[in-house]
Amino acid sequence: MYKFENLEGKPMFKSKKDTVYVVLAGIFITNAVVAELIGGKLIDVGPAVMSIGILPWPIVFVSTDLINEYFGEKGVRKLSLITASLIAYTFIVLSLAMKIPSTGISSVSTSQFNAVFGQSQLIIVGSIIAFLASQLIDVSIFHFVKKRTGDKMIWLRSTGSTVISQLFDSFIVLGIAFWLPGIMDTKTFLLSALTGYTVKLGIAILMTPLIYLGHYFIEKYIHGH
């Protein structure tokens with residue numbers, strides 16, 4: 001793994017575990033922000049619709065569980081609050097950028113730029129609330145299960161926490177962004193939320209081997225075995 005050093009060639013972090021946290025946090029934040037940026041595009045999944053923002057979430061699932069495992073509830077809660085703040089900051093910058101007209105020689109016109117990044121305020125609010133709620137629920141369930149299983153059954157606490165947290169996430173974001181303002185009727189809202197939840201759950205199950213792989217490499221890096 002890459003060695004993080006300052007200008008004097010000395011280690012930037014006190015331990016290998018600090019390095020692991022910074023790397024996992026960077027992966028987590030990047031994918032969470034990207035998911036929000038691309039989330040305005042809706043796609044058809046059978047008879048339902050869902051956001052293309054689902055694409056980076058498998059990596060968010062894995063990084064969340066690894067941070068949960070090695071850095072506990074405080075590590076995840078703190079990172080979740082930081083990430084939510086950075087998501088809000090991202091949208092503030094985008095809102096300012098949309099107010100500045102593009103020049104005539106720009107390959108991206110003002111209308112094109114605004115069409116891509118001009119998500120409604122309710123989508124932004126809904127996504128941030130859903131993100132925070134799902135992360136805090138995830139970490140609580142993860143550690144509830146871990147206290148009862150110890151270091152065994154990694155798959156149970158990883159998948160189990162995702163099963164509950166993503167149920168809330170799927171309904172909260174669509175409910176605030178599309179159902180409350182009347183963009184979706186109740187039938188479409190329920191179908192889309194359940195479809196999104198099913199897809200996320202399937203992804204979480206398929207990603208379970210990567211959790212074990214991540215454990216292996218982190219243990220090897222930190223402890224040398």
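The values are calculated or read from the model by the stated rules, or taken from the named source; none is laboratory data. Treat the numbers as computed from the prediction; the structure is a model and nothing was measured. Backbone-built Cβ (ideal geometry, glycine too); neighbour counts: all protein chains shown. Just the protein is used for accessible areas: all its heavy atoms, side chains included, with ligands, DNA and RNA removed. Shrake-Rupley method; radii C 1.70, N 1.55, O 1.52, S 1.80 Å.
Considering (1) open to solvent by less than 30 Å² (accessible area, probe 1.4 Å); (2) among the aliphatic types (A, V, I, L, M); (3) without any contact (Cβ under 8 Å) to a residue 60 or more places away in the chain; (4) part of a helix (DSSP H, G or I), the lone condition that Ile211 does not fulfil carries the number (3). Any idea which of (1) of a type in the set (Gly, Ala, Ser); (2) at pLDDT 90 or above; (3) open to solvent by less than 80 Å² (accessible area, probe 1.4 Å) is the one Ser107 doesn't satisfy? It is condition (3) that Ser107 fails. When the stretch 154-183 is limited to residues that are among the aliphatic types (A, V, I, L, M) and touching a Gly at 6+ places or on another chain (Cβ under 9 Å), the one that is farthest from Met207 (Cα to Cα) turns out to be Leu180.
Would you call Ile105 in a loop (DSSP other than H, G, I, E, B), out of contact with any strand residue (DSSP E or B) (no Cβ under 7 Å at 6 or more places or on another chain) and over 21 Å from Val163 (Cα atoms)? Answer is yes for this residue. Within the stretch 19-50, the set of residues being more than 27 Å from Arg77 (Cα to Cα), of a type in the set (Val, Ile, Thr) and surrounded by 17 or more Cβ atoms within 10 Å (Cβ to Cβ) comprises Val49 only. Against the conditions (1) closer than 26 Å to Leu194 by Cα; (2) free of Cβ contacts under 8 Å to residues at least 12 places away in the same chain; (3) over 19 Å from the mean Cα position of the chain (by Cα), Ser111 satisfies every one except (1). Filtered by the rule that a residue be open to solvent by 20 Å² or more (accessible area, probe 1.4 Å), touching a residue at least 40 places away in the same chain (Cβ under 8 Å) and under 17 Å from Ala130 (Cα atoms), the stretch 59-85 gives Arg77, Leu81, Ile82.
Tallying residues that are modelled with pLDDT under 90 and open to solvent by 40 Å² or more (accessible area, probe 1.4 Å) within the stretch 119-135 yields 4. Checked against the criterion of being polar (S, T, N, Q) and touching a residue at least 60 places away in the same chain (Cβ under 8 Å), the stretch 177-186 contains not a single residue that satisfies it. If the condition is being open to solvent by less than 60 Å² (accessible area, probe 1.4 Å), over 21 Å from Ala88 (Cβ atoms) and assigned to a helix (DSSP H, G or I), then the stretch 136-155 contributes Ser140, Ile141, Phe142, His143, Val145, Lys146, Thr149, Ile154. Among the listed residues Phe178, Phe171, identify the single one that is open to solvent by less than 50 Å² (accessible area, probe 1.4 Å), within 14 Å of Ile123 (Cα to Cα), among the aromatic types (Phe, Trp, Tyr) and part of a helix (DSSP H, G or I). Exactly one of Phe178, Phe171 is open to solvent by less than 50 Å² (accessible area, probe 1.4 Å), within 14 Å of Ile123 (Cα to Cα), among the aromatic types (Phe, Trp, Tyr) and part of a helix (DSSP H, G or I), namely Phe178.
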